[in-house]
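Below: one structure, written as structure tokens.
Where a number appears in this text, it was derived from the coordinates with a stated rule and is not lab data. Computed from a prediction, not measured in an experiment: that's the story for all the values here. Cβ: placed from backbone, ideal geometry, glycine included. Neighbour counts: every protein chain shown.
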Ligand code: CP3
């Protein structure tokens, strides 16, 4: 039994009294309690790989912000690591891969499916501990990176503005790219199903780098794999978020998922027109709007809710930036919670 189940009711397409609200990257550097815990540890990965700490950090924004869902504290890059490609997380620099995927041997050497997903016991343990600590207060969201986004990091070696090395891979070695994407897809399916078995109440796929692809590339190298994941992960509601993937929204309407995430560049009316009436839409306030004074935050939040009208989960159009004032994040959440349709 979940006491505050407004997110799950909304995901089922039910009419709700107000839209539910949670934030991408709600856990982490905006919270003083996160920063002090993080400072006492060897690094980000210790937090991710220690189930009791991951559970603790997952609960922090639920306690502090009063959001309608918890999202498991983890990272999308645990999947490449479980497949044999370890990542590093450097302070302020973001993630990097000491070894990247370049050729057929590199792809052949990667583990896939259950064999890889079984290396992620620490994640399933974190899910179980988090569920216990939440004690049914709000639902717990589990997540994975989408195949293309994970491939982008594995071939590029880290973050990038253009992901031109990853895109070069698609243009020069398309068959090998498909083999890699296939292995990632099989692993993600096992991983999400194991997370569901461990107790998550909903899952979200992050295709954070959808927007560097052309529509044709997206149709060939990303969409079919997301479709396969949606078709093979069952039992809880699914949310698909393809950042800057507005050009794929009309096709995403046919995915076996309950909700589609929109980034902040998509006008809510157009988003609804493109996706059609069936899916719930999630998003999409510009994270930078949370730098504004409180009255402005309230105004743009309420306007967004009015623009989406119904079948809407409030979120940002991408993750929270670490220098967002905590009081402004609270103002955003409170504005949603005091709204009445
Ligand atoms: O609160 C939550 O949303 C749950 C936790 C979460 C993290 N990463 C924690 C994190 C989630 C859902 C992710 C997903 C993730 N990780 C994505 C997809 C979402 C997106 O933002 O598009 C991506 C692309 C990654 C890879 C990644 N991890 C990057 C690019 C970075 C550096 C980001 C930065 O701002 O420096 C990370 C590190 C990371 N993941 C942090 C957190 C809290 C910061 C680490 C720290 O405390 O130093």
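When a footprinting reagent is the concern and you count Cβ atoms within 10 Å, what order do 269, 318, 312 take, fewest first? Can you show the working numbers first?
Numbers: 269 11, 318 22, 312 25.
So the ranking, lowest neighbour count to highest, is 269, 318, 312.
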Task: Bridge type composition, the chain - antiparallel percent by DSSP, nearest 5 - done: 15 percent
Open item on the list: How much length would be gained if the chain were fully extended between residue 91 and residue 197, taking 0.36 nm per residue of separation minus their Cα-Cα distance, in nm to one decimal?
Closed with: 34.8 nm
Open item on the list: Taking a virtual spin label 7 Å from the Cα of residue 303 along the C-beta vector, which residues in the range 312-331 bring their backbone nitrogen under 20 Å of it?
Closed with: 312-318, 328-331
- [ ] Between residue 216 and residue 288, with labels modelled 7 Å along Cα→Cβ, what's the label distance in nm to one decimal, could you check?
- [x] 3.2 nm
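What is the order of 272, 137, fewest Cβ neighbours within 10 Å to most? Don't skip to the answer; put the middle values down first.
Numbers: 272 21, 137 16.
Taking fewest neighbouring Cβ atoms as first place, the list is 137, 272.
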- [ ] On a C-alpha basis, how far is the centre of the range 200-255 from the centre of the range 281-338 in Å? Whole number, if you could?
- [x] 23 Å
Open item on the list: Need the full-extension length gain, residue 63 to residue 232, defined as separation in residues times 0.36 nm minus the C-alpha distance. One decimal, nm.
Closed with: 57.5 nm
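Relative contact order (percent) for the chain, with alpha-carbon contacts under 8 angstrom and 6 or more residues of separation?
Values: 644 pairs, mean separation 73.0, N = 341.
Rounded, it is 21 percent for the chain.
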- [ ] Between residue 253 and residue 296, with labels modelled 7 Å along Cα→Cβ, what's the label distance in nm to one decimal, could you check?
- [x] 3.5 nm
Open item on the list: Just to be sure I understand the model, the point goes 7 Å from the Cα along the line to the Cβ. What's the resulting residue 105 to residue 118 distance in nm?
Closed with: 2.7 nm
- [ ] Could you list the residues of the range 274-291 with an amide nitrogen less than 13 Å from a label point located 7 Å from the Cα of residue 327 in the Cα-to-C-beta direction?
- [x] none
Task: Ellipticity estimate at 222 nm from DSSP helix runs (n ≥ 4, -39,500 (n - 2.57)) divided over the chain, nearest 500 - done: -14000 deg cm²/dmol
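Give the order of 148, 22, 274 when sorted by the count of other beta carbons within 10 angstrom, beginning with the fewest.
Numbers: 148 28, 22 25, 274 20.
Taking fewest neighbouring Cβ atoms as first place, the list is 274, 22, 148.
Given 0.36 nm per residue, what is the gain on full extension from residue 15 to residue 171 after removing their alpha carbon distance, in nm?
Working: separation 156, 0.36 × 156 = 56.16 nm, distance 4.53 nm.
Roughly 51.6 nm would be gained on extension.
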